[in-house]
Every structure is written in structure tokens, then in C-alpha cells.
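Let me begin by handing over the structure; questions about it come next.
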């Protein structure tokens, strides 16, 4: 087979979630053409999907040596450093990607997330805002900016951003759950419950939403409903400490 055929088939395998087969085909493409940049990038992405993070970084290093002006290389490598909690290196890679392509919206969002993880919320907000300026319908950018606003206790701004995220992606379960959290902070538990039900329509096993639903019911005095939501969350994830603590606290309260 020709190098392009292996590379294309590897991409199809990746899209099907068959990562081992994808990596095998990218291996063959690279063996035939070691400087095949996209095969190196795609193999790195597939290795990241399999948790082979150091090996994935090596592929992006090789791709950067071949094509130093390809911003996707640095953006993808930065994502791996972010997974490894090396936010400093992640930020350097995202900034490198943006020095090549200032209109790379994904890199702006990724940079914002890394800056937020470094407790630099105002710089993070700038990055998310730049991404939105480039792509005004970028749902994730609104959601992530909303999360930073919520962390800064600017709940109205957070709700506005989550609402925009939902507008552009009506199936965005995290945006519903996050907007519910902001409503809870404003003691608007009825609105929070509506959003959490919507999130659970999208993903019935969304245990974080179930736990938050329990907390909202508890605040309104519907203790048995709250208990059931905590129990459902723990059935899905028995190790979810937030639901466990909330359930224990509720049972202690009801036993008084």
C-alpha cells in the first residue's frame, strides 16, 4: 500500500475509535515516509487517546522538527502537557501555536484553560474572549469563560455565557449543569432544577448533575427527592465524594 493509503486508513480507524489499528497504520505510513507530518500528528493524537502520553509527545516533537510552522503540532502537544499538569509548558506550546496563527480559536481556548488552571483568571478571560471574537458561535469558549466568571463569583456574567453556549450547542450537557450551579449560587433553585433535568435528558448517567439536583431539592425542602438523586449518583459512581458527603449530611439531618 502507498503511504497515503495507510495514513487515510489510519484516520478512518481513529474516527471509529479503533486506536490500536490507527496507530499501526500510521506506523506503516511513517516507516515509508518518516517526514510525513500529518501521520506523525495523527499518530500522536491516537497515542494520546490510548494514554501513551510520553510517546505522543515524541511524535509531536518529530513533527515540529519536520514542520516547525504548523500550529496544530504545538496545540496538540500543549494539550498533552496540560493532561500531565505541566501548565507552564502547555502555555508555551499554546502561545507558540498562536504566534504562528493568531486566529487559531482552539489554541486560545486551550490557553485560557491552562491559565485558569494556573489561577490567572483575568488572563484566561482574555483568551476565551479572543476565541469568541474569532468564532462568535464557539460554544465551548462561552462555557469555559462562564466557568471562570462563576469562579470569580460574577454569576450573572457566568449565566449569560452558559446561555450562549446552550444557544450554539443545545446538547451541551456541561453548560446546563454549569448554569444550574450558577443559579444555585443565586438561590434560584427552581431554575437550577430545570437545567439539571435538561442535562439529564441529554445524559441520564450524568452523576454530577444528579448530585446537584439532589442539592437543589434539599435546599427546597424536598428531602426524599434529594436522597434519591444522591443515591442514583452513587449507583453510577460509588466513588463520587460530593454525592456521598451530601447524602451523609442529609441522613444525619433527617435522623435528628
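Let me confirm something: among 85, 103, 76, which residue is part of a helix (DSSP H, G or I), farther than 30 Å from residue 183 by Cβ and not assigned by TED's automatic domain parsing to the domain that holds residue 13? It would help to see each step written out before you state the result.
Numbers: 85 fails: part of a helix (DSSP H, G or I); 103 fails: part of a helix (DSSP H, G or I).
Of the residues listed, the single one that is part of a helix (DSSP H, G or I), farther than 30 Å from residue 183 by Cβ and not assigned by TED's automatic domain parsing to the domain that holds residue 13 is 76.
Name the residues in region 128-151 that are under 16 Å from the mean Cα position of the chain (by Cα) and assigned to a helix (DSSP H, G or I), would you? So that I can check it myself, show each step before the final result.
Looking only at region 128-151, we keep the residues that are under 16 Å from the mean Cα position of the chain (by Cα), and these are 128, 131, 138-148.
Within region 128-151, 128, 131, 139, 140, 141, 142, 143, 144, 145, 146, 147, 148 meet the criteria.
For region 172-180, does any single residue satisfy the condition of being in a helix (DSSP H, G or I) and more than 25 Å from residue 105 (Cα to Cα)? Please lay out each step first, then the result.
Filtering region 172-180 for residues in a helix (DSSP H, G or I) gives 173-180.
If we keep only those that are more than 25 Å from residue 105 (Cα to Cα) too, we end up with 180.
Yes; the residues of region 172-180 include at least one that is in a helix (DSSP H, G or I) and more than 25 Å from residue 105 (Cα to Cα).
Every residue, every condition in (1) more than 23 Å from residue 34 (Cα to Cα); (2) in contact (Cβ under 8 Å) with a residue 24 or more places away in the chain, yes or no:
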{"site": "55", "(1), (2)": "no, no"}
{"site": "58", "(1), (2)": "no, no"}
{"site": "71", "(1), (2)": "no, yes"}
{"site": "74", "(1), (2)": "no, yes"}
{"site": "79", "(1), (2)": "yes, yes"}
{"site": "90", "(1), (2)": "yes, yes"}
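Of the residues that make up region 52-64, is at least one touching a helix residue (DSSP H, G or I) at 6+ places or on another chain (Cβ under 6 Å), outside any helix (DSSP H, G or I) and modelled with pLDDT of 95 or more? Step through it out loud before you land on a result.
Going residue by residue through region 52-64, those that are touching a helix residue (DSSP H, G or I) at 6+ places or on another chain (Cβ under 6 Å) are 53, 55-57, 59-60, 62-64.
If we keep only those that are outside any helix (DSSP H, G or I) too, we end up with none.
Checked against the condition, which is being touching a helix residue (DSSP H, G or I) at 6+ places or on another chain (Cβ under 6 Å), outside any helix (DSSP H, G or I) and modelled with pLDDT of 95 or more, region 52-64 yields no hits at all.
Among the listed residues 231, 235, which satisfies the condition of being surrounded by fewer than 20 Cβ atoms within 10 Å (Cβ to Cβ) and under 25 Å from the mean Cα position of the chain (by Cα)? Can you show your working first?
Numbers: 231 fails: under 25 Å from the mean Cα position of the chain (by Cα).
The unique qualifying residue is 235.
Here is a further query. Residue 250 passes all but one of (1) part of a helix (DSSP H, G or I); (2) loosely packed, with under 15 Cβ neighbours inside 10 Å; which number fails?
(2)
Identify all residues within region 53-72 that are farther than 18 Å from residue 90 by Cβ and buried (at least 18 other Cβ atoms within 10 Å of the Cβ); write none if there are none.
Within region 53-72, just 62 meets the criteria.
Regarding region 152-167, can at least one residue be identified that is farther than 30 Å from residue 207 by Cβ and either at pLDDT below 95 or part of a helix (DSSP H, G or I) (or both)?
The first filter runs over region 152-167 and keeps only residues farther than 30 Å from residue 207 by Cβ, leaving none.
There is no residue in region 152-167 that is farther than 30 Å from residue 207 by Cβ and either at pLDDT below 95 or part of a helix (DSSP H, G or I) (or both).
While we're here: Quick one: count up the residues across region 201-245 that are in a helix (DSSP H, G or I) and closer than 18 Å to residue 180 by Cα. Write out each step before concluding.
Kept after step one, since they are in a helix (DSSP H, G or I), are these residues of region 201-245: 201-202, 207-219, 223-236, 241-245.
If we keep only those that are closer than 18 Å to residue 180 by Cα too, we end up with 201-202, 207-219, 225-226, 229-230, 233, 242-243.
Final tally of qualifying residues: 22.
Which of the residues that make up region 182-195 are over 19 Å from the mean Cα position of the chain (by Cα), part of a helix (DSSP H, G or I) and either within 19 Å of residue 161 (Cβ to Cβ) or assigned by TED's automatic domain parsing to the domain that holds residue 247 (or both)? First the steps, then the outcome.
Start the filter on region 182-195 by keeping residues that are over 19 Å from the mean Cα position of the chain (by Cα), which leaves 183-195.
Narrowing further to those that are part of a helix (DSSP H, G or I): 183-185, 189-195.
Answer for region 182-195, where residues must be over 19 Å from the mean Cα position of the chain (by Cα), part of a helix (DSSP H, G or I) and either within 19 Å of residue 161 (Cβ to Cβ) or assigned by TED's automatic domain parsing to the domain that holds residue 247 (or both): 183, 184, 185, 191, 192, 194, 195.
Conditions: (1) over 18 Å from residue 143 (Cα atoms); (2) assigned to a helix (DSSP H, G or I); (3) touching a residue at least 12 places away in the same chain (Cβ under 8 Å). Residue 198 meets all but one. Number of the miss?
(1)
The values are calculated or read from the model by the stated rules, or taken from the named source; none is laboratory data. Just so you know, these numbers come straight off a predicted model, no measurement behind them. Please note: Cβ atoms are built from the backbone with ideal geometry, for glycine as well, and neighbour counts cover all protein chains shown.
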